[in-house]
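A short worksheet on the structure shown next.
The values are calculated or read from the model by the stated rules, or taken from the named source; none is laboratory data. Keep in mind that this is a model prediction, so the values were computed, not measured. Quick reminder, even Gly has a Cβ in these numbers, built from the backbone with ideal geometry, and neighbours come from all protein chains shown. For the accessible areas, the whole protein counts, side chains as well, though only heavy atoms, and no ligand, DNA or RNA atoms are used. Shrake-Rupley method; radii C 1.70, N 1.55, O 1.52, S 1.80 Å.
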Amino acid sequence: MPLTLRTRLVLTAGAGLLAVGAALAVHTLSGEDADAGLQPAKASGAPHCRRITDTAPTPLGGLPRRASGLAGVAVWGQQDIILRCGVTPPHLTPDPCFAVDGVDWIIDRAQSTGTRKVIVSYGRTPATQVVFKGRGRTDAALIELSRLIAPIRQTSHCIPSR
């Protein structure tokens, strides 16, 4: 029994809608959204945060930058590197501290795991948090990120200045 033109059009349109719906579901479920699960920091609207995210490099640590719709947030790779500017500045802590190109960083042991390293700039307001997980090259990324953070006036050091 041959299908009428109207029936063929309805079936074609229905199949097209199903394909679009399936593609959207796969996109949503696979976490392709750069901002999935992320929240902007409390002071993410600060002018320094806007400058940092507007001038953040592409790529970083060998990973491409992904578009983010969140203020003060930059994402590289599949959230392999996440920058959140405007986090609460850390206070004196027993957590490890190190300097990269004149910028002090603290390893936040409470938030770090075996597969995720969380670091926070120290002595600068607003503070910047960077999360490394996955395959990004940490050392190269920290050098580039320290250049972005350096213009923020440093008010204290976790490593004594020489």
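Summary table
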| read-out | value |
| --- | --- |
| The range 43-89 versus the range 100-132: alpha-carbon centroid distance in Å | 14 |
| Label-to-label distance, nm, for residues given as Leu92 and Ala67 (7 Å Cα→Cβ offset) | 4.7 |
| Rough spin-label spacing in nm, given labels placed 7 Å along Cα→Cβ, for Arg135 and Asp54 | 3.3 |
| Relative contact order of the range 109-162, pairs being alpha-carbon contacts under 8 Å that are 6 or more residues apart, as % | 35 |
| Accessible area expressed per residue, the range 29-152, with surrounding protein chains retained (probe 1.4 Å, Å²) | 48 |
| Share of carbon and sulfur in the accessible heavy-atom surface of the range 46-91 [1.4 Å probe, %] | 57 |
| 5 Å binning of all Cα-Cα separations within the range 84-150, expressed as whole percents from 0 upward | 4, 17, 32, 28, 16, 3, 0 |
| Cut-off 13 Å between beta-carbons: net charge of the residues surrounding Pro90, Lys and Arg +1, Asp and Glu -1 | -1 |
| Size of electric dipole in the range 65-162: Cβ of Lys, Arg +1 and of Asp, Glu -1, about Cα centre, debye, nearest 20 | 220 |
| All Cα pairs of the range 48-106, percent lying beyond 20 Å | 35 |
| Gain upon complete extension [Ala99, Leu38; 0.36 nm per residue less C-alpha separation] | 19.3 nm |
| Sorted peptide list for 115-125, 90-100, criterion being average Cβ within 10 angstrom, highest first | 115-125, 90-100 |
| The range 75-150, relative contact order in percent, only Cα pairs under 8 angstrom and at least six apart counted | 35 |
| Assigned charges on the beta-carbon of Lys, Arg, Asp, Glu; the range 42-90 dipole about Cα centre (debye) | 120 |
